[in-house]
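Here the structure comes first, spelled out in structure tokens, and everything after it is commentary.
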Amino acid sequence: MKITRLSDVRPRPRRVAVGTFDGVHAGHREVIAGADTVLTFEPHPTSVVQPGAAPRLLTDLRRKAELIAALGVQELVVIGFDREFADRSAQRFVDEILVGALGATHVAIGENFRFGSRAGGDADMLRADARFETRIVELLEVDGEIVSSSHIRGLVLGGAVEYAGRLLGAPFTVAGEVVHGDERGRELGYPTANLVPDAAYVTPGHGVYAAHARRLEAGADGPVHAAAVSIGVRPTFVTGRGELIEAYLLDFDADLYGQTLELAFRKRLRGEKRFESVDALIDQMALDVQAARAICA
């Protein structure tokens, strides 16, 4: 899939899906279906329009592009969203972006999508424009709940990564640089790759999870390893450190420091707890690894 900044785009007949698409969840996928081009925004518009209300995101642009590419889309067009763009009227967005820059013949949006200054543009405005055909996708409901990025964020924060993955249509992932920790895991016989959570993105609630791990530097076809992942503050030890993501990769022994590790969460195994002894912790870690192996096999 080609990734194009708006300033570099050339007009051609396009079937365009428009949205922020954080998470590229099942509802987003309904909007994107049939499009050859996806138009999205970076950073998230709320971070510019209402910085104090900006949500912690499910996906960065790299992951969003990866998920969209897997849907068979030919081109991802990225708008650099800033204050100047936020002040652009809805009519200018249609005239200059959808028609002028992209040459859209078909436009698809979710029914609650708004655009332009003060959210002045909506589905009715697009539907009334005869220069392209408009498809409005109703909000998707699963198990009596609307599928939305905010709902999925709540699920992930609560540790319900398995159900969140179902709504996303792909496992929820976290990626980050492997950093040095206290090497406590190595002393216990379970050396971990440590990631510091990025405050701009959602991190699963404290607990232990089964996940698949891969080095992004190895590319899409690189090896994937089962992992037992602990997220929290290590209450059995007094470390003085903040929240940390610690991933023990099964059947793996290599230096990962400085590399980017992506963790695809499969299932929550248990909550975080303080153990009365180090031996009790080691016994539980053995059970966690056994469970992670069974789930990720």
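The values are calculated or read from the model by the stated rules, or taken from the named source; none is laboratory data. On a predicted model such as this, the values are computed, not experimentally measured, just so you know. Every residue, glycine as well, gets a Cβ built from its backbone with ideal geometry; the counts of neighbours run over all protein chains shown.
Can Phe81 be described as of a type in the set (Phe, Trp, Tyr), within 26 Å of the chain's Cα centre (by Cα) and under 30 Å from Pro197 (Cα atoms)? Steps first, please.
Numbers: of a type in the set (Phe, Trp, Tyr): yes; within 26 Å of the chain's Cα centre (by Cα): yes; under 30 Å from Pro197 (Cα atoms): yes.
In short, yes.
Only one of the listed residues (Arg56, Arg92) is farther than 20 Å from Ile3 by Cα, without any contact (Cβ under 8 Å) to a residue 60 or more places away in the chain and basic (Lys, Arg). That residue is Arg92. In summary, Leu71 fulfils each of the numbered conditions (1) crowded, with 16+ Cβ neighbours inside 10 Å; (2) over 16 Å from the mean Cα position of the chain (by Cα); (3) assigned to a loop (DSSP other than H, G, I, E, B) with the single exception of condition (2). Contact map, region 1-27: first residue surrounded by fewer than 18 Cβ atoms within 10 Å (Cβ to Cβ), second residue hydrophobic (A, V, I, L, M, F, W, C) and assigned to a loop (DSSP other than H, G, I, E, B), Cβ cut-off under 6 Å, separation 6 or more or different chains; pairs are Met1/Val73; Ala26/Leu140; Ala26/Val147. If you go through region 1-24 and keep only what is over 14 Å from Ile109 (Cα atoms), part of a loop (DSSP other than H, G, I, E, B) and either modelled with pLDDT under 95 or out of contact with any strand residue (DSSP E or B) (no Cβ under 7 Å at 6 or more places or on another chain) (or both), you end up with Arg10, Pro11, Arg12, Gly23.
Report those strands (runs of 3 or more DSSP E) wholly inside region 188-297 carrying at least 1 residues which are touching a strand residue (DSSP E or B) at 6+ places or on another chain (Cβ under 6 Å), within 23 Å of Leu155 (Cα to Cα) and among the basic types (Lys, Arg). The strands (runs of 3 or more DSSP E) meeting that bar are 260-271.
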